[in-house]
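**Student:** Before I ask anything, here is the structure I am working with.
Any read-out appearing in this document is the output of simple, stated calculations on the displayed coordinates, not a laboratory observation. As the structure is a computational prediction, the values presented were derived from the model and not from experiment. Cβ atoms come from the backbone with ideal geometry, glycine included; neighbour counts cover every protein chain shown.
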DNA sequence: GTATTGACCTCGA
DNA sequence: ATCGAGGCCAATA
């Protein structure tokens, strides 16, 4: 069931619409975000946030394995700790991982 | 209009 | 666990 979030027709607006739906303490993978509005461009999602992520909770969007964005692992963790996002210790270079088992969120699943 | 980059995903070795 | 290759889409130059 592909929940198509068409926020006006612009890809950027669609990404913002989905990410804005993610509540604090929850996270969503790039692939899920893209799939939610009917596209498969997981990379494009990151692109939109990279250039148009102004005022957007980018830290609530993580990679498939629960890993934070590259180069922003430290910044992201500050938000997770502040919002109470469930984290797990992992042998990753960042030293932690998002608990997708609990923090996994989908706008349609609610 | 084309070429390159990029906060990605999945599979294979 | 690691590394590499291909595919996906959009924004920038």
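**Student:** Treat the count of other C-beta atoms within 10 Å as a stand-in for reagent exposure and order A:54, A:83 from fewest to most.
**Tutor:** Placing the least packed residue first, the sequence is A:54, A:83.
**Student:** What FRET efficiency do you get for residue A:10 and residue A:108 if R0 is 30 Å and r is their Cβ-Cβ distance, rounded to the nearest 0.05?
**Tutor:** Step by step, r from the Cβ atoms, then E = 0.90.
**Student:** Between A:43, A:77, A:97, which gets the highest mean-square fluctuation from a Gaussian network model of chain A, Cα cutoff 10 Å?
**Tutor:** Greatest mean-square fluctuation among the candidates belongs to A:43.
**Student:** Further, regarding this structure: Please state the shape class of region A:49-98: rounded when a/c is under 1.5, otherwise prolate if a/b exceeds b/c and oblate if not, all from the C-alpha gyration tensor.
**Tutor:** In terms of gyration-tensor shape, prolate.
**Student:** At 7 Å along the Cα-to-beta-carbon direction for both residue A:51 and residue A:92, put a label point, then send me their distance in nm to one decimal.
**Tutor:** Spacing of the two 7 Å Cα→Cβ label points: 2.6 nm.
**Student:** If each of residue A:43 and residue A:20 carries a label point 7 Å out from its Cα toward its Cβ, how far apart are those two points in nm?
**Tutor:** 2.8
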